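Below: the structure, in structure tokens.
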Amino acid sequence: MKPKIFFSYLLLGTIGVVALYPALWTILSSFRVGNSLFSDHFIPVEWTLDHYRDLFRARSTRQIPYANWYWNTLKVATFSMIIGTLIQLLTAYAFSRFRFKGRKQMLMMVLVLGMFPGFLSIMAVFIILNTLGLLDNTWALVLVYSAGAALGMFVAKGFFDTIPRSLEEAARMDGAGHMTIFIRIILPLSRPIITYISLTTFAGAWVDFIFARAILRTPENWTLAVGLWNLVDSYNSTEFTLFAAGCVLVAIPITALFMYTQRFLVDGLTAGASKG
Amino acid sequence: MKPNATVAGWLSVLCAGLGQWYNRQYAKAVMFLIIHVAGIYLALGPLLPQLKGLVTLGVKGQHFEKVGKINKLVPGDHSVFMMIYGVLAALVVVLFVLSYILNIRDAVVVGRRLEQGRYRDAASSSAFPWLLLAIPFLGVLFFTIMPIVFTSLIAFTNYASPNHIPPKNLVDWVGFATFDKLFNMNVWSSTFTGVLTWTIIWAILATVTCYFGGILVALLINQKGIKFKGFWRMLFIIPYAIPQFVSLLIMRNILNDKFGPLNSYFRAFGLNGLPWLNDPFWAKVSVIVVNMWIGIPVTMVLVMGILTTIPNDLYEAADVDGASPWMKFRNITMPYVLFATAPILITQFVGNINNFNVIYLLTGGAPATMKYNNAGETDLLVTWLYKLTLDFNQYNIAAAVAILIFLFIATFAIILFRRTRSFKEEDMIQ
């Protein structure tokens, strides 16, 4: 082996260790006996599944309704995904296929507002939700995430732009209306981009911390992000192994989903990049 | 009667719908008339107190009133609710004014078409895209645009703890006093400039490290002679795939300077370890390094995609000319990658200015310092704003900071937009 290649493998290996270490350390910690952050051994001397069981057991001394958090997060993410994806696709279809007055101005507006991080106006959203009586309600999160979904439509628009118009024109000759064309022709051709959008909106809602912390007040209504943050913040390192177990249960499904669909993600990222 | 566009226009100025009636578009005329009447009725009736409220923001605070023999606490005006309802009312009025203008324009346009003896209605199936956009538009209007308007207004009030928190007290309009405070009053201005400086340094460092780190890793994997390229890529994507809040909270534990594993490895070698998150300098180093761990995979994936699009004959030609690997990298690879990723670089820079998660979840802005007002050493403008809002109730200062950030981002967005190829050339594809 040439020294250059050997050196490259060495570097790749090192980066690989750095990339994997935190995840491995957390998984191993979650099986360790005891509850402290500190440990002399990377690999646990004694293994236990207690912490996983503990997550779902009520105790009078603390409020860690982990099952509630999981259910809330799943609910918020699923509904945000369905509504958000639908809104994005419809908006993108309108902007990609129709030429109407004020279209360029609206596109400009979508871009500017899309770059504007929603949480800058968090206090206003907070007050609006308060007047609607929706504070401390997980549905408020679904509403907030879906309401802004249209602003992320550029990736889908870029994709729709590449679908040849002749397909639609042929369909129109056969007497298909706008909606039929969208459902029967555009959607079936858009599988990769639909997968990409659903995945990213699901993951976005699954991991959001900012709005969730601002809107949800009582521990039973928290999502995983708020709950786990609170676990670290208030119990510091005294409930560490429990926290690790909680992290493993959150991270493994979504990480597995990401790895499984990474081809779509990579395609989506690059498609979004070259189209701006 | 000979049709006349001017007459139609003036009739519509007089009363919405009249011009359309004159143009003999009766259904349209009735529609405009109804909107017009409803608008006047609403604006002068139920909306008027709301609009007044927007101007005064309430006149009577919560106070004691003598009811019979005992003093009773009487609720006063709630300035913030008055403001929200006022903004909503103003929005409705604006919509009516727009429809009024549309009505005049429509009368003139149709009138002109009639003068020239053309068909009355332009064939219009143009309603369909608006139908598609209606719901998304409402969502954006109420949860993005209105909050922005509302936030901008709050910056011009004294809505802040401890003296101006409704319903206990009233909030007043104060003009530019909040901005004046932010720039000129020492406790605020030193915090603002300090946090702003760190935000910019952070954004530049975070963007550059992730960008070049990603390019290097991608090139490393892509070298000739490296086996299992897919495996390496998969391995390095893992940090990106783990939800950010999980990995950041874990990192926070890893970097814990008393019990964290990192420092225990240092101690195993007889070293003291470092105060990773508790020392101003090391906390800044920590957030940048952790951010590299999270951010490099994204650039890596992008660059790997771009590398496959570089035509191979460029390299072959370079080989014929006897170019060294470094020359090939500098003159072929780098320009290609830079060109393709320039817009991404800008978005990532803006994204890092607003990188809330990395700072808030990792350090929470800590270490705390006496120098700053309600901010820590690693706080960015956005995390400072979040704390000002949620923890300290300094709404007006937070709103002023939000406006400044927004102006900055909007400038970048517009520059980017004008340069985006897809926008300039989108009609050429079809």
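The values are calculated or read from the model by the stated rules, or taken from the named source; none is laboratory data. None of these values were measured; they are calculated from a predicted model. Please note: Cβ atoms are built from the backbone with ideal geometry, for glycine as well, and neighbour counts cover all protein chains shown.
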Before we move on, is A:Ser146 assigned to a helix (DSSP H, G or I), touching a helix residue (DSSP H, G or I) at 6+ places or on another chain (Cβ under 6 Å) and of a type in the set (S, T, N, Q)?
yes
Please pick out the residue among B:Met251, B:Met327, B:Met234, B:Met334 that is in a helix (DSSP H, G or I), within 8 Å of chain A (Cβ to nearest Cβ), surrounded by fewer than 19 Cβ atoms within 10 Å (Cβ to Cβ) and not small (Gly, Ala, Ser).
B:Met234
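Any idea which of A:Ile87, A:Ile15 is more than 27 Å from A:Leu141 (Cβ to Cβ), part of a helix (DSSP H, G or I), at the interface with chain B (Cβ under 8 Å from one of its Cβ atoms) and at pLDDT 90 or above?
Sole residue among the options that is more than 27 Å from A:Leu141 (Cβ to Cβ), part of a helix (DSSP H, G or I), at the interface with chain B (Cβ under 8 Å from one of its Cβ atoms) and at pLDDT 90 or above: A:Ile15.
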Which condition from (1) at pLDDT below 85; (2) within 9 Å of chain A (Cβ to nearest Cβ) is the one that B:Val217 breaks?
(1)
Residue, farthest from B:Val208 (Cα to Cα), within the stretch B:290-303, restricted to residues that are within 8 Å of chain A (Cβ to nearest Cβ) and out of contact with any Phe, Trp or Tyr (no Cβ under 9 Å at 6 or more places or on another chain)
B:Leu302
When only residues in the stretch A:19-55 that are within 24 Å of B:Asp257 (Cβ to Cβ) and among the aliphatic types (A, V, I, L, M) count, which is modelled with the lowest pLDDT?
A:Leu37
Would you confirm, using the coordinates I've provided, whether B:Ser286 is under 30 Å from B:Gly194 (Cβ atoms), assigned to a helix (DSSP H, G or I) and polar (S, T, N, Q)?
yes
Candidates A:Gly227, A:Gly204, filtered to the one that is more than 8 Å from chain B (Cβ to nearest Cβ), in contact with a helix residue (DSSP H, G or I) (Cβ under 9 Å, 6 or more places away or on another chain) and surrounded by fewer than 19 Cβ atoms within 10 Å (Cβ to Cβ):
A:Gly204
Among the residues of the stretch A:168-197, write down those that are crowded, with 19+ Cβ neighbours inside 10 Å, assigned to a helix (DSSP H, G or I) and of a type in the set (Ser, Thr, Tyr).
A:Tyr196
Taking the stretch A:136-165 and keeping residues surrounded by fewer than 16 Cβ atoms within 10 Å (Cβ to Cβ) and more than 10 Å from chain B (Cβ to nearest Cβ) leaves A:Asp136, A:Trp139
Do the conditions hold for B:Ser286, that is, is it over 30 Å from B:Leu416 (Cβ atoms) and touching a residue at least 60 places away in the same chain (Cβ under 8 Å)?
yes
Counting only residues that are more than 13 Å from the chain's Cα centre (by Cα) and either within 8 Å of chain B (Cβ to nearest Cβ) or in a helix (DSSP H, G or I) (or both), how many does the stretch A:213-224 have?
6
Consider B:Thr363 carefully, then state whether it is facing chain A (nearest Cβ under 9 Å), over 18 Å from A:Ala214 (Cα atoms) and either buried (at least 18 other Cβ atoms within 10 Å of the Cβ) or without any contact (Cβ under 8 Å) to a residue 24 or more places away in the chain (or both).
no
Determine if the stretch A:29-36 includes at least one residue that is part of a loop (DSSP other than H, G, I, E, B) and charged (D, E, K, R).
no
Scanning the stretch A:94-107 for residues that are touching a His at 6+ places or on another chain (Cβ under 9 Å) and either in contact (Cβ under 8 Å) with a residue 12 or more places away in the chain or part of a helix (DSSP H, G or I) (or both) gives A:Arg97
Residues being free of Cβ contacts under 8 Å to residues at least 40 places away in the same chain and touching a Phe, Trp or Tyr at 6+ places or on another chain (Cβ under 7 Å): count how many of those fall in the stretch B:189-214.
1
Return the pairs, sorted by first residue and then second, in which the second residue is assigned to a helix (DSSP H, G or I) and of a type in the set (Gly, Ala, Ser), the first residue lies in the stretch B:377-391 and is within 16 Å of A:Arg213 (Cβ to Cβ) and within 12 Å of chain A (Cβ to nearest Cβ), the beta carbons are less than 7 Å apart, and the residues are 6+ apart or on different chains.
B:Leu385/B:Ala398; B:Leu385/B:Ala402; B:Leu388/B:Ala398; B:Thr389/B:Ala398; B:Leu390/A:Ala214
Please go through the stretch B:127-186 and pick out each residue that is in a helix (DSSP H, G or I) and of a type in the set (Lys, Arg).
B:Lys181
Which residue, of B:Leu33, B:Leu48, is touching a Cys at 6+ places or on another chain (Cβ under 8 Å) and surrounded by fewer than 18 Cβ atoms within 10 Å (Cβ to Cβ)?
B:Leu33
Restricting attention to the stretch A:96-135, and to residues there that are closer than 16 Å to B:Pro129 by Cβ and within 25 Å of the chain's Cα centre (by Cα), which single residue is surrounded by the most Cβ atoms within 10 Å (Cβ to Cβ)?
A:Val110
If A:Tyr70 meets every condition in (1) surrounded by 14 or more Cβ atoms within 10 Å (Cβ to Cβ); (2) outside any helix (DSSP H, G or I); (3) out of contact with any helix residue (DSSP H, G or I) (no Cβ under 6 Å at 6 or more places or on another chain); (4) aromatic (Phe, Trp, Tyr) apart from one, which number is that one?
(2)
The stretch B:392-404, subset more than 7 Å from every other protein chain (Cβ to nearest Cβ) and part of a helix (DSSP H, G or I), residue nearest to A:Ala124 (Cα to Cα):
B:Ala399
Return the residues of the stretch A:46-66 that are without any contact (Cβ under 8 Å) to a residue 12 or more places away in the chain and either over 20 Å from A:Pro219 (Cα atoms) or part of a helix (DSSP H, G or I) (or both); say none if nothing qualifies.
A:Arg53
How do the pairs read when you match residues in the stretch A:1-12 that are within 8 Å of chain B (Cβ to nearest Cβ) and free of Cβ contacts under 8 Å to residues at least 12 places away in the same chain with residues anywhere that are aromatic (Phe, Trp, Tyr) and surrounded by 10 or more Cβ atoms within 10 Å (Cβ to Cβ), using Cβ under 6 Å and keeping only pairs 6 or more apart or on different chains?
A:Leu12/B:Trp232
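Anything in the stretch A:108-117 that is touching a residue at least 24 places away in the same chain (Cβ under 8 Å) and either of a type in the set (Lys, Arg) or at the interface with another protein chain (Cβ under 7 Å from one of its Cβ atoms) (or both)? List them, or say none.
A:Leu111, A:Leu113
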Every listed condition ((1) of a type in the set (A, V, I, L, M, F, W, C); (2) more than 30 Å from B:Gln20 (Cα to Cα); (3) at pLDDT 85 or above; (4) surrounded by 13 or more Cβ atoms within 10 Å (Cβ to Cβ)) holds for B:Val108 save (2)
